[in-house]
Protein chains: 4
Amino acid sequence: MKQRAIADEDKQARRDSLLAAARSLYLEDTRQLPAVSRIAEAAGLAKGTVYLYFQTKEEIFTALLDQEFSALLDRLTEHFLTASGTPWERVNLFLEFYAKYLQEHPEFLRLAAMANSVLEQNLAQDHVYNFKLQLAQRLERTGNALESALSVLETGSGARLMVRTYALTLGLWQLLDYPDAMREVMMRPALRLLAPDFATELTSALKQFWRGVLADQ
Amino acid sequence: MKQRAIADEDKQARRDSLLAAARSLYLEDTRQLPAVSRIAEAAGLAKGTVYLYFQTKEEIFTALLDQEFSALLDRLTEHFLTASGTPWERVNLFLEFYAKYLQEHPEFLRLAAMANSVLEQNLAQDHVYNFKLQLAQRLERTGNALESALSVLETGSGARLMVRTYALTLGLWQLLDYPDAMREVMMRPALRLLAPDFATELTSALKQFWRGVLADQ
Amino acid sequence: MKQRAIADEDKQARRDSLLAAARSLYLEDTRQLPAVSRIAEAAGLAKGTVYLYFQTKEEIFTALLDQEFSALLDRLTEHFLTASGTPWERVNLFLEFYAKYLQEHPEFLRLAAMANSVLEQNLAQDHVYNFKLQLAQRLERTGNALESALSVLETGSGARLMVRTYALTLGLWQLLDYPDAMREVMMRPALRLLAPDFATELTSALKQFWRGVLADQ
Amino acid sequence: MKQRAIADEDKQARRDSLLAAARSLYLEDTRQLPAVSRIAEAAGLAKGTVYLYFQTKEEIFTALLDQEFSALLDRLTEHFLTASGTPWERVNLFLEFYAKYLQEHPEFLRLAAMANSVLEQNLAQDHVYNFKLQLAQRLERTGNALESALSVLETGSGARLMVRTYALTLGLWQLLDYPDAMREVMMRPALRLLAPDFATELTSALKQFWRGVLADQ
DNA sequence: TATGAATGAGGTTTCATTCAT
DNA sequence: TATGAATGAAACCTCATTCAT
């Protein structure tokens, strides 16, 4: 039996180790959430113990997604704060940075794609609320940085642009993603439309969108 | 309905009645796919019979989604073919029509949001392929109609614009959707960003995107 | 649709073609009875049609086993009627002939091993009775031939000796038989006892038994 | 019985209680294996729990048969170790003891008759191997005791004699067994050959066989 | 707090048998 | 007679969650 985590910091550490185990297992196969028993095992704990730290399995992955969102939006905020050049140059730099980040963190969009359909499904309202609140606040913050970076934006519109940018990203991902095993079959000409390189297509689509944004102002 | 579906048309009718039962049950609670046994029961058939028509539960809902896509894209194609006015007027009419359609078919986006994360998971590669192929072909067709409607588009770009339009729609929906039970809590100011009226926000975002598209040409 | 079998001889022919199909499929994998649908398919008929000729699946294979018994016992009877030499020589010749026959008809004992545990289980009493009756009559006949061949036997004991000989055969088969896939593992020394060559062990065991029989007289 | 079987001995007890439930249900109707759900119910457990202790239904009954074999062969070993008299007297005592035991445990041979045809069919090779290994080892042990009891046997021949004795038993049982419902019909003279009292016929046949064995030495 | 046995729902699968056509 | 769609029972299986220890 594992040593009991009694102090708050011990509990937090145990929670973190469960999240780390979950992330690690999820990365092995991002097509499905790993079983709780495997997460427990990977963390060196018993299955029941997981439920002392998370109320449901989905809560684990929502917490994970929350971490990922936090990391991404922090990076973007930071990026915006150091941007320079004309608005369009800044947009281009941002989109490059963004696409590169997503490419380096393939787990993010896969997990995010489950947020609405899988994760929020078996989650207490409370947790859905908290998750959305965190996300909204982070988007606001990043939106503000975006506004500073692109002085042409109307006050208050930055966060909404972040929402739309992310929405387009998420939707494109879901349309264009396919399992590795289908790589070959996706090469057929008839599927050209749904099989372009994600990063390329994303950048192209977002540029088109941002052209509209800047035209708005 | 015949007791035994022997003619091909009877079989198709039976298949459709299973899809109708599945749709009806799904609408009762769009947060999860209904059990196969309930679908069978709702269609007045034995569980085993369902598996004569569909290999897995996911196949049922993929077929349903396929129907929904078909209906939507047929309507859009039709709409494009009768459009008139300046390009921007035509875009506005299209977006209004589109947003209205989605509002009247709330099951569509909920189901579509599962396509990547839930439905394709337990589906033979074959079926995923066929589903994607159908979708691609329909998008091509609608894209062509779009090109005719908006003479300013480059040849071949219509389908890609459809993909991006749909992607933005799907992503926005996932970010803005929440269970009915959370309506009250979503009204809090801190969540304003993630709780606007979907149709309004969708129209606004798509207009912004299409502004970019037209600016491109 | 197949031509209807109306004349009795047509019906018998159809029944025989089903038996032939069943035998052929059974030989492909003697570890389990083939599905009725496969038998029907192999005979070029529909599944339901099989049930016009046999009441249950087991009835098919009982009929098959009946054929096999008939063939075996006819051969043995014939063999006994032409035997010569001392009683012990005749026994040895018989056992050699018998073991060789079984080796050349591996389906027989596999099917026979199912008679009690599988076939009779789902069979109308009527059919079990008829099957047993046929078997008993054939054993009597062969037993009589055996008595003629071995003049030393008491009148009436031939059939019982046939029963016992067959019982020892059947039991040995079940103890020593194993799936092909286990061949390698059965070679381990610890399993030597249950993995000798069946024909060799059968001959040895039956000689021992028949030594007792002749000692009795 | 504890509510949760945590200690190894509790687990063994639970496993045994499942086996007891299986045996009890099997005795109600030895023509077929009871459903797993009924076994679970009879043991006061959920169906899923059964699968914590056994991987398949067949494994349950193989384990049961293993127990039965163990009990029988232990009793025989014990019997041999206390035998006295001339070899032939010892054989007679053994056969009486053996026939009586089988008569008192009617489930044994019914279950044993399924070993080859039903039980091993849906069993992992591993389990078949283990079952055979156990059986072989027990037969060796009993065979050794038999050699001690009958000093006239060649060293190493005891286990093989046990195999043959058991084979004759199993085969005879399958030929002579019939469902209770057929008792009346089996009385008809034409079936005399296949309807003698099993215990009597077994003893007679085995005596004949053992006469041959002793003649061999 | 920690454990892991127990639960139980439900998806998947197979197939002998029935029965409307 | 012939068909094959429909049935329904059960095995098989997985796994999130609960709860006695």
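Descriptive notes on the structure:
- Counting only other chain Cβ atoms within 10 Å of each residue's Cβ, the peptide D:108-118 averages 6.
- Across identical copies of the chain, C:Ser151 has label-point separations of 4.3, 11.8, 13.1 nm, listed in ascending order, with the point defined 7 angstrom from Cα along Cα→Cβ.
- A Förster radius of 45 Å, combined with the Cβ-Cβ distance separating A:Glu184 from A:His105, puts the computed FRET efficiency at roughly 0.95.
- Take chain C with all the other protein chains still there, run a 1.4 Å probe, and you get 46 Å² of accessible area per residue.
- Assuming charge only on the beta carbon of Lys and Arg (+1) and of Asp and Glu (-1), the dipole of region B:125-217 about its Cα centre is about 100 debye to the nearest 20.
- When A and B come together, around 5000 square angstrom of accessible surface is lost from both chains combined, probe 1.4 Å.
- Applying the Karplus relation 6.51 cos²θ - 1.76 cosθ + 1.60 with θ = phi - 60° to region A:56-71 yields 3J(HN,Hα) values of 9, 4, 4, 4, 4, 7, 5, 4, 5, 4, 4, 4, 5, 4, 4, 4 Hz, where x marks Gly and Pro.
- For peptide A:136-143, the mean count of partner chain Cβ atoms within 10 Å of a residue's Cβ comes to 2.
- Across chain B, Cα pairs under 8 Å and at least six residues apart give a relative contact order of 19 percent.
- Here is how far apart the D:Asn122 label points are across copies: 1.2, 2.1, 2.8 nm, shortest first, using a point 7 Å from Cα toward Cβ.
- Sites C:Asn130 and C:Ser37 - FRET efficiency at Förster radius 25 Å, r taken between beta-carbons, to 0.05: 0.40
- Taking Cα atoms only, the orientation of helix B:158-176 departs from the longest principal axis of chain B by about 70 degrees.
- Leading residue at positive end of dipole, region C:161-217 (Cβ point charges), from C:Pro196, C:Met182, C:Leu161: C:Leu161
- Area of A:Lys11 that stays accessible when all protein chains are in place (1.4 Å probe, Å², to 10): 90 Å²
- Per-residue 3J(HN,Hα) values for region D:32-46, derived from phi via the Karplus relation 6.51 cos²θ - 1.76 cosθ + 1.60 with θ = phi - 60°, read 8, 6, x, 5, 4, 4, 5, 4, 4, 4, 4, 8, x, 10, 7 Hz in sequence order (x marks Gly and Pro).
- Of all accessible heavy-atom area on region C:58-217, the percent that carbon and sulfur account for (1.4 Å): 49 percent
- Alpha-carbon Debye profile of chain D, log10 I(q)/I(0) at 0.08 Å⁻¹: -0.34
- Virtual spin-label span in nm between A:Glu154 and A:Leu27, 7 Å along Cα→Cβ: 4.3 nm
- Lysine pairs meeting the criterion (Cα under 29 Å, 8 or more apart or interchain), as found in chain C: 12
- Ascending distances from the B:Arg183 label point to its copies in the other chains, with the point 7 Å along the Cα-to-beta-carbon line: 4.9, 7.2, 7.2 nm.
- Principal-axis analysis of the Cα atoms of chain B puts helix B:8-28 at an angle of about 70° to the longest axis.
- Over the residues of chain C, the helix contribution to mean residue ellipticity at 222 nm works out to -23500 deg cm²/dmol, using -39500 (n - 2.57) for each DSSP H run of at least 4.
- Degrees between helix A:87-104 axis and first principal axis of chain A (Cα, 0 to 90, nearest 10): 30 degrees
- Region D:16-117: Cα Rg divided by the 2.2 N^0.38 Å rule of thumb: 1.31
- The value obtained for region D:1-54, namely the Cα convex hull volume divided by the number of residues, is 69 Å³ per residue.
- Ellipsoid fit via the Cα gyration tensor, the protein assembly as shown: semi-axes of 76, 34, 22 Å, each the root of five times an eigenvalue, largest first.
- More than 15 Å apart - percent of Cα-Cα pairs taken over region C:112-202: 70 percent
- The charge dipole of chain D, taken about its Cα centre with unit charges on the Cβ atoms of Lys, Arg (+1), Asp and Glu (-1) only, comes to about 220 debye.
- Per-residue average of Cβ from other chains inside 10 Å of A:184-194: 4
- For the B-to-C rotation axis, chain B residue with nearest beta carbon and its distance in angstrom: B:Gly48, 3
The values are calculated or read from the model by the stated rules, or taken from the named source; none is laboratory data. Worth saying up front: this structure is predicted, and the values here are computed from it rather than measured. In this analysis, Cβ positions are derived from the backbone assuming ideal geometry, glycine residues included, and neighbour counts consider all displayed protein chains. Keep in mind that these areas ignore ligands, DNA and RNA; they rest on the heavy atoms of the full protein, side chains included. Shrake-Rupley method; radii C 1.70, N 1.55, O 1.52, S 1.80 Å.
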